[in-house]
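Colleague: Have a look at this one.
The values are calculated or read from the model by the stated rules, or taken from the named source; none is laboratory data. These numbers come from a predicted model, not from an experiment. A quick note on method: Cβ atoms are made from the backbone with ideal geometry, for glycine too, and the neighbour counts reach across all protein chains shown. Keep in mind that these areas ignore ligands, DNA and RNA; they rest on the heavy atoms of the full protein, side chains included. Shrake-Rupley method; radii C 1.70, N 1.55, O 1.52, S 1.80 Å.
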Amino acid sequence: MTLFSPGDEVFGMPRFPHPAGAYAEFVTAPARHLVRKPANIDHTAAAALPLAALTAWQALVDTADIQRGQRVLVHAAAGGVGHLAVQIAKARGARVVGTASAAKHDLLRRLGADELIDYRTADFGALRDIDAVLDTIGGDYTPRSLRTLRKGGILVSLLPMDPGFPAGLAEELDVRATRILVEPDHAGMQAVADLVARGQLRALIDTTLPLGEAAQAHKRGETNSATGKIVLSVVA
């Protein structure tokens, strides 16, 4: 029995973290690295989802196991991973606190964030009794975030190569701290697709550029000011 038939519309994150080598119009992929594209989104929206949404899912659900009623702190909540993490946490019934510039607060409230902190003018370190932190930034954000956790809470960092990761501080505070690198996962992708189909998850598109302008897309990403995802469009 095969998962797909010719003509099926699919999306996914094949083979990561093995280097893809290039952007291209066509790609081969293991079938279990893909799932059917939900009918309620187009291919641009689908392209924006797999890497970031699967990262958020594996961090918050598979690793942190967030539950209804818990408080989740999401750093860079308007970013590519962050804005999807906000929605996934809300779909799980959590209360979401996000850090983002004030200009992005209204947008994040529409995505479901319950409490927002302007990192430029306020100190998120004053928070307490957080159940889980999604750390997308690292640096001094990590030890400061650990101190916001309740005992037994968990911080999940998306910076697996961070040399300053304060594992000793986590032990001292009686909290957990771990790092993850996203990997292909058919079940996780199907969970993401199901949330999309139910209208509980959508990708914000910051910029869409043609394949020939890939360099410009990278320059936009390097500004760290994008809201949501940058997508390269391939026109058949």
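Colleague: Take each of the peptides 112-124, 18-30, 58-70, 75-87, average the number of other beta-carbon atoms within 10 Å over its residues, and list them starting from the highest.
Modeller: 75-87, 58-70, 112-124, 18-30
Colleague: Through the Karplus equation 6.51 cos²θ - 1.76 cosθ + 1.60, θ set to phi - 60°, convert the phi angles of region 15-25 into ³J(HN,Hα) values in whole Hz; use x for Gly and Pro.
Modeller: The phi angles translate into 6, 4, x, 4, x, 6, x, 5, 7, 8, 6 Hz.
Colleague: Here is a further query. With θ taken as phi - 60° and the coefficients 6.51, -1.76 and 1.60, list the Karplus ³J(HN,Hα) couplings across region 86-91 in order, rounded to whole Hz; mark glycine and proline as x.
Modeller: Result, rounded to whole Hz: 4, 5, 5, 4, 5, 5.
Colleague: What whole-number distance in Å separates the alpha-carbon centres of region 198-235 and region 32-74?
Modeller: First find each Cα centre; the distance between them is then 17 Å.
Colleague: Match the structure shown to one of the listed values [x] 1.02; [y] 1.09; [z] 1.14 of Cα Rg over 2.2 N^0.38 Å, computed from it, and give that label.
Modeller: [x]
Colleague: Under a point-charge model restricted to the Cβ atoms of Lys and Arg (+1) and Asp and Glu (-1), what is the dipole moment magnitude of region 135-236 relative to its Cα centre, in debye to the nearest 20? Walk me through the intermediate numbers first.
Modeller: Working: 11 positive and 12 negative charges, 64 e Å.
Dipole size: approximately 300 debye.
Colleague: Calculate, for A103 and M161, the FRET efficiency according to 1/(1 + (r/R0)^6) with r their C-beta to C-beta distance and R0 22 Å; round to the nearest 0.05.
Modeller: Values: r = 31 Å, r/R0 = 1.39.
Plugging the Cβ-Cβ distance into 1/(1 + (r/R0)^6) gives 0.10.
Colleague: Which order, highest average first, do 50-57, 196-203 follow once you tally other Cβ atoms within 10 Å for each residue and take the mean per peptide? Intermediate results must be reported in sequence, preceding the final value.
Modeller: On the way: 50-57: 24.2, 196-203: 17.5.
By packing density, highest mean first, the sequence is 50-57, 196-203.
Colleague: Next up: 222 nm [θ] for the chain, helices only, -39500 (n - 2.57) per DSSP H run of 4+, per residue, to 500? Could the numbers behind the result be given before it?
Modeller: Details: 8 runs with 65 residues, N = 236.
Value at 222 nm, helices only, nearest 500: -7500 deg cm²/dmol.
Colleague: Rounded, prolate or oblate: which one fits region 58-102, using the alpha carbon gyration tensor with axes a ≥ b ≥ c (rounded when a/c is under 1.5, else prolate when a/b beats b/c, else oblate)? If you can, show how the numbers build up before the last one.
Modeller: Numbers: a/c = 2.18, a/b = 1.53, b/c = 1.43.
Taking the square roots of the gyration eigenvalues as a ≥ b ≥ c, region 58-102 is prolate.
Colleague: Of the options T142, A197, G153, report the single residue whose Cα projects farthest towards the positive end of the charge dipole of region 84-236 (beta-carbon charges: Lys, Arg +1; Asp, Glu -1).
Modeller: The residue sitting most towards the positive pole is A197.
Colleague: Under 23 Å between C-alpha atoms is the cut-off here; go through the chain and count lysine pairs that meet it, provided they're at least eight residues apart or on different chains. Present the calculation step by step, with values, prior to reporting the outcome.
Modeller: On the way: K37/K90; K37/K229; K90/K104; K90/K151; K90/K229; K104/K219; K104/K229; K219/K229.
Value for the chain: 8.
Colleague: Relative contact order of the chain, please, whole-number percent, based on alpha carbon pairs below 8 angstrom and at least 6 residues apart.
Modeller: 22
Colleague: Compute the distance in nm between two label points, each set 7 Å from the Cα along the Cα-to-Cβ direction, one at E9 and one at A197.
Modeller: 1.4
Colleague: Probe of 1.4 angstrom, ligands and nucleic acids ignored: what's the accessible area per residue over the chain, in square angstrom?
Modeller: Ligands and nucleic acids excluded, the result is 51 Å² per residue.
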